[in-house]
Every structure is written in C-alpha cells, then in structure tokens.
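Here is the structure we will look at, set down as structure tokens.
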Amino acid sequence: MQPLFGDDLVPRPRRELTPGATWVPGWLSLEQQRWLVARYHEWAAGPVPARGAKVRGHEMSVKTVCLGWHWRPYEYTREAVDVNGHRVLDFPDWMVRLARRALVEVSGDAHAADGYTPDTALVNFYDLGARMGLHQDKDERAREPVVSLSIGETCQFRFGNTENRGKPYQDIDLASGDLFVFGGASRLAYHGVQRTYPGTAPEGCGLDTGRINITMRVTGL
Ligand code: SIN
Ligand code: MN
C-alpha cells in the first residue's frame with residue numbers, strides 16, 4: 001500500500017546548482033513521460049539497437065541508443081561503426097522544439113533558445129545496478145548547453161566541478177519527469193549517476209522498472 005503522506009508530497013523547488021546548471025523537478029507530465037517511453041521503444045528497435053558502449057575495453061552498464069549522431073567514446077559518427085554499421089535515426093524536429101522549451105524554462109527568457117538547435121540525443125537506459133562514472137561531456141565540438149530529461153526510477157546524480165572528479169560536488173535525486181540543463185560555466189562540469197533506486201518509478205510514467213535518461217546536445221559537427 002502506498003503511504004498516504006509519502007515523499008511525493010514534499011515540494012521540490014527548482015534549483016541552480018552552479019552557475020549555468022539548473023534542475024527543474026517534475027517538468028514533464030506523466031503523459032509526456034509515457035509518450036517519450038513509447039518513442040524509446042521505437043528507437044531501441046533499430047536500425048541500431050541500444051548497446052553498452054565500450055570505454056577503454058570495458059562495456060558500460062548503461063545501454064545507449066543515439067539519434068542524429070552516434071556516440072561512442074571520444075567520437076560522433078553518422079553510422080554506428082562499433083555496433084552494426086547502420087546509420088542512426090534522424091534527430092526529430094519535435095525534439096528540437098522540446099529542448100528549446102527547456103532552455104526557455106530554465107532561463108525565463110523567451111529568446112534564450114533562439115539559435116539553439118541540438119542535433120544529437122544520447123538515450124540511456126539504466127537497469128538494476130547500472131551506473132555511470134563521473135565524466136565530462138566534451139566529445140562535442142560546440143559548447144552549447146546539454147538538456148537532460150529523466151524518466152522512470154529515481155537516481156542519485158552527482159554534479160561536480162569543471163576541474164576534477166573530487167569536491168566540490170552536489171548529489172541530487174533526479175526523479176521521473178525532472179529536467180536538468182547544464183551550460184555556460186558549468187558545461188564541462190564532471191557528472192555521473194551513482195545509483196538508481198529500485199521500485200521508485202511512479203505509476204503512469206510508462207516504465208515499471210529501470211530509468212531512461214535523454215540528453216540533447218549540439219555536436220558542432
Ligand atoms: C549522462 O551523463 O550522459 C547521463 C546522465 C544521466 O543519466 O542523468
Ligand atoms: Mn554526461
């Protein structure tokens with residue numbers, strides 16, 4: 001039985017963690033989350049399946065499928081040369097609009113997204129025990145903001161500094177529907193996912209277990 005007064009009743013206000021890095025809890029409605037999960041199943045069906053990318057010989061526990069450009073450590077290509085050689089799906093127009101809306105949301109400036117046209121999305125699936133070590137998103141040539149959306153189980157997300165993997169960092173719980181944007185002085189901050197919390201996906205989000213994270217980026221390619 002769900003307790004009547006659960007954590008979901010504690011308000012989670014938006015927060016700027018560091019200059020340029022803003023967290024907006026509960027940005028997506030459950031209906032939007034379900035719709036994105038349905039799109040995820042289409043993307044993962046191919047032409048390039050979701051796979052754990054190899055980083056220095058080790059397969060990542062997170063499974064990734066890409067849109068627009070295919071990411072593998074250190075490089076973007078149109079074809080998934082490390083998977084099956086097929087070209088990845090196009091970056092959808094609706095996703096450009098979604099990402100622009102996110103930038104307007106975090107800035108409060110209707111023109112903040114003028115000229116912002118993301119051309120790749122890394123869509124990550126975390127199942128039980130999956131995590132992502134601290135890293136910088138620096139394989140893009142451009143330094144436009146990264147827009148991140150989370151669906152499904154809550155995770156502990158660590159957002160640090162631009163110098164190294166050590167302190168200062170902040171640990172926040174990214175939950176289903178949360179938006180996180182990092183750009184400007186925080187664009188190259190180290191970040192990662194420490195763990196996901198089993199059984200925390202809200203009813204109606206479209207996922208019973210696991211976590212989906214979508215990051216939209218500008219490759220500059
Ligand atoms: C990433 O750093 O690419 C993914 C972050 C997340 O899963 O929240
Ligand atoms: Mn990243």
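The values are calculated or read from the model by the stated rules, or taken from the named source; none is laboratory data. This structure is a prediction, so every number in the text was calculated from the model and none was measured. Positions of Cβ are generated from backbone atoms using ideal geometry, with glycine treated the same way; all protein chains shown enter the neighbour counts.
Restricting attention to the range 114-135 and to residues that are of a type in the set (Gly, Ala, Ser) and crowded, with 18+ Cβ neighbours inside 10 Å, the residue that is farthest from the chain's Cα centre (by Cα) turns out to be ALA130. Count of the range 153-203 residues, restricted to those that are small (Gly, Ala, Ser) and more than 12 Å from the chain's Cα centre (by Cα), is 9. From VAL48, VAL55, which residue is surrounded by 13 or more Cβ atoms within 10 Å (Cβ to Cβ) and at pLDDT 95 or above? Just one listed residue meets the conditions, VAL48. Looking at TRP35, is it away from ligand 2 (no atom under 16 Å from the Cβ), of a type in the set (Phe, Trp, Tyr), surrounded by fewer than 16 Cβ atoms within 10 Å (Cβ to Cβ) and closer than 24 Å to THR154 by Cβ? For TRP35, the condition - away from ligand 2 (no atom under 16 Å from the Cβ), of a type in the set (Phe, Trp, Tyr), surrounded by fewer than 16 Cβ atoms within 10 Å (Cβ to Cβ) and closer than 24 Å to THR154 by Cβ - is met.
Restricting to the range 146-176, what's the tally of residues that are more than 23 Å from PRO202 (Cβ to Cβ) and not basic (Lys, Arg)?
Applying the first criterion (more than 23 Å from PRO202 (Cβ to Cβ)) to the range 146-176 yields 146, 160-170.
Checking the rest, the ones that are also not basic (Lys, Arg) come to 146, 160-164, 166, 168-170.
Here the count works out to 10.
When each of LEU9, LEU17 is tested for being farther than 30 Å from VAL88 by Cα and free of Cβ contacts under 8 Å to residues at least 24 places away in the same chain, the lone residue that passes is LEU9. Annotation note: Cβ proximity below 8 Å between a residue of the range 118-142 that is in a strand (DSSP E or B) and more than 11 Å from ligand 1 (Cβ to nearest atom) and a residue that is modelled with pLDDT of 95 or more and hydroxyl-bearing (Ser, Thr, Tyr) (sequence gap 6+ or interchain) occurs for THR120/TYR76; THR120/THR219. Per the conditions (1) assigned to a loop (DSSP other than H, G, I, E, B); (2) without any contact (Cβ under 8 Å) to a residue 12 or more places away in the chain; (3) over 26 Å from PRO13 (Cα atoms), the sole criterion not satisfied by PRO47 is (2).
The residue that is farthest from ligand 2 (Cβ to nearest atom), among those in the range 179-215 that are under 26 Å from HIS70 (Cβ atoms) and in a loop (DSSP other than H, G, I, E, B), is GLY206. Taking the numbered list (1) within 15 Å of ligand 1 (Cβ to nearest atom); (2) surrounded by fewer than 20 Cβ atoms within 10 Å (Cβ to Cβ); (3) not in a loop (DSSP other than H, G, I, E, B) in turn, VAL104 passes all entries but (1). Name every residue in the range 62-80 that is touching a residue at least 12 places away in the same chain (Cβ under 8 Å) and part of a loop (DSSP other than H, G, I, E, B), in order of residue number. Once the filter is applied, which keeps residues that are touching a residue at least 12 places away in the same chain (Cβ under 8 Å) and part of a loop (DSSP other than H, G, I, E, B), the range 62-80 yields VAL62, GLY68, TRP69, PRO73, TYR74, ALA80. Would you point out the residue of the range 136-152, among those that are surrounded by 13 or more Cβ atoms within 10 Å (Cβ to Cβ) and near ligand 2 (Cβ under 10 Å from one of its atoms), that is nearest to the chain's Cα centre (by Cα)? So the residue we want is SER148. For the range 144-175, residues that are more than 12 Å from ligand 1 (Cβ to nearest atom) and either touching a residue at least 60 places away in the same chain (Cβ under 8 Å) or part of a strand (DSSP E or B) (or both) total 5. Scanning the range 84-96 finds no residues that are of a type in the set (S, T, N, Q) and surrounded by 16 or more Cβ atoms within 10 Å (Cβ to Cβ). If VAL96 passes every condition in (1) assigned to a loop (DSSP other than H, G, I, E, B); (2) more than 14 Å from ligand 1 (Cβ to nearest atom); (3) in contact with a Pro (Cβ under 8 Å, 6 or more places away or on another chain); (4) under 29 Å from PRO202 (Cβ atoms) but one, which one does it miss? It fails just one condition, (1).
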